[in-house]
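Here is the structure we will look at.
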Amino acid sequence: MRPNQVFRHPLRRRHFLQLSGLSSMSLLLGGCSLPLLDTIVNKASEPLNQKVETLLFNPQKLAPEFPISAIEPNALLVNTYNFTPDINPATFHLKIDGEVHNPLSLSMAELQKMPLTSMVIRHVCVEGWAAIVQWGGVRLRDLLHLAQPKTNARYVYFESADGYYESWDLASAVHPQTLMAYQKNGQPLSVDNGAPLRLASPVKLGYKQSKWVTRITLVNHLLASKGYWEDQGYEWYAGL
Ligand SMILES: Nc1nc2c(c(=O)[nH]1)N[C@H]1C(S)=C(S)[C@@H](COP(=O)(O)O)O[C@H]1N2
Ligand SMILES: [Mo]
């Protein structure tokens with residue numbers, strides 16, 4: 001854990017300190033009415049899942065955010081494993097399906113009507129560079145809330161238009177700083193950086209942050225294919 005990763009919200013810290021058992025978890029996870037969080041709590045000891053500590057405490061820790069003046073406009077290197085797909089934003093739809101009660105297909109116009117969250121965070125690539133970037137977009141937790149995950153939903157798959165794929169634990173997916181972003185450094189996202197829509201989160205390494213996301217699928221179990229880089233030996237959880 002980074003020493004500067006603090007509980008900046010006094011209420012959250014109080015809940016943290018009072019925490020004595022799983023029954024407190026709904027408080028700790030306060031404000032999130034997703035039934036799926038109960039599932040995480042109940043199933044936390046299953047072998048495929050993450051350590052209880054990781055699963056239950058990470059979602060509550062907010063990663064450091066930075067002032068606008070800290071943005072490093074040229075530090076985010078475009079890192080694309082194969083090619084840059086050509087997506088027409090006017091006809092684009094983000095699909096959310098799998099273990100959900102309410103499968104969704106949302107246009108950019110619909111996504112941009114939802115509450116916009118902006119954050120200045122550090123993007124970290126395993127190849128040895130990092131960049132302070134501002135991302136703007138929709139919280140993934142809000143989208144999942146709309147899709148109404150079934151109680152057996154445990155992992156989230158992201159499919160991209162360039163053939164890239166990723167899977168995340170649900171706790172990191174519903175983290176309040178995990179966004180489906182359509183803005184970078186105050187501007188519309190560029191195609192190289194993943195337009196029209198990409199994952200952006202300070203809780204995961206760069207390779208987890210899929211660009212050009214077209215489909216989000218909730219599943220009960222991880223599949224044999226876990227992610228483009230993971231399937232070549234990189235760590236799956238890849239938390240920061
Ligand atoms: N679809 C897709 N998403 C991707 C990648 C990719 O090749 N394809 N590269 C990943 C890696 S390794 C990093 S560090 C970031 C880089 O984002 P950027 O190109 O916007 O800087 O995107 C991630 N998301
Ligand atoms: Mo990366």
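Within region 118-129, the residues that satisfy the criterion of being surrounded by 15 or more Cβ atoms within 10 Å (Cβ to Cβ) and under 18 Å from residue 208 (Cβ atoms) are 119, 121, 122, 123, 124, 125.
When 56, 104, 48 are checked against the criterion of being at pLDDT below 50 and buried (at least 17 other Cβ atoms within 10 Å of the Cβ), 56 stands alone in meeting it. Would you mind stating whether residue 206 is open to solvent by less than 50 Å² (accessible area, probe 1.4 Å), farther than 25 Å from residue 67 by Cβ and touching a residue at least 12 places away in the same chain (Cβ under 8 Å)? No, not satisfied.
Take the residues in region 182-193 that are in contact with a Leu (Cβ under 8 Å, 6 or more places away or on another chain) and within 16 Å of ligand 2 (Cβ to nearest atom), then tell me which one is most open to solvent (accessible area, probe 1.4 Å). For region 182-193, the residue satisfying everything is 184. The set of residues from region 165-180 being open to solvent by less than 20 Å² (accessible area, probe 1.4 Å) and among the aromatic types (Phe, Trp, Tyr) comprises just one member, 168. When region 85-101 is filtered for residues that are open to solvent by 60 Å² or more (accessible area, probe 1.4 Å), under 14 Å from residue 197 (Cα atoms) and not basic (Lys, Arg), the ones remaining, listed by number, are 86, 88, 89, 90, 91, 93. Here is the figure for region 212-226: residues that are near ligand 1 (Cβ under 10 Å from one of its atoms) and outside any loop (DSSP other than H, G, I, E, B) total 2.
For beta carbons closer than 6 Å, sequence separation of 6+ or different chains, a first residue in region 68-97 that is more than 14 Å from residue 162 (Cβ to Cβ) and outside any loop (DSSP other than H, G, I, E, B) and a second that is open to solvent by 70 Å² or more (accessible area, probe 1.4 Å) and away from ligand 2 (no atom under 16 Å from the Cβ), the qualifying pairs are 95/215; 97/103.
Conditions (1) in a loop (DSSP other than H, G, I, E, B); (2) surrounded by fewer than 24 Cβ atoms within 10 Å (Cβ to Cβ); (3) away from ligand 2 (no atom under 16 Å from the Cβ), marked per residue:
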site	(1), (2), (3)
156	no, no, yes
163	yes, yes, yes
195	yes, yes, yes
210	yes, no, no
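The values are calculated or read from the model by the stated rules, or taken from the named source; none is laboratory data. It should be emphasised that the depicted structure is a prediction, and the values quoted were computed from it without experimental measurement. Every residue, glycine among them, receives a Cβ derived from its backbone with ideal geometry; neighbour counts consider all protein chains shown. These area figures cover heavy atoms from the full protein model, side chains too; ligands, DNA and RNA do not enter into them. Shrake-Rupley method; radii C 1.70, N 1.55, O 1.52, S 1.80 Å.
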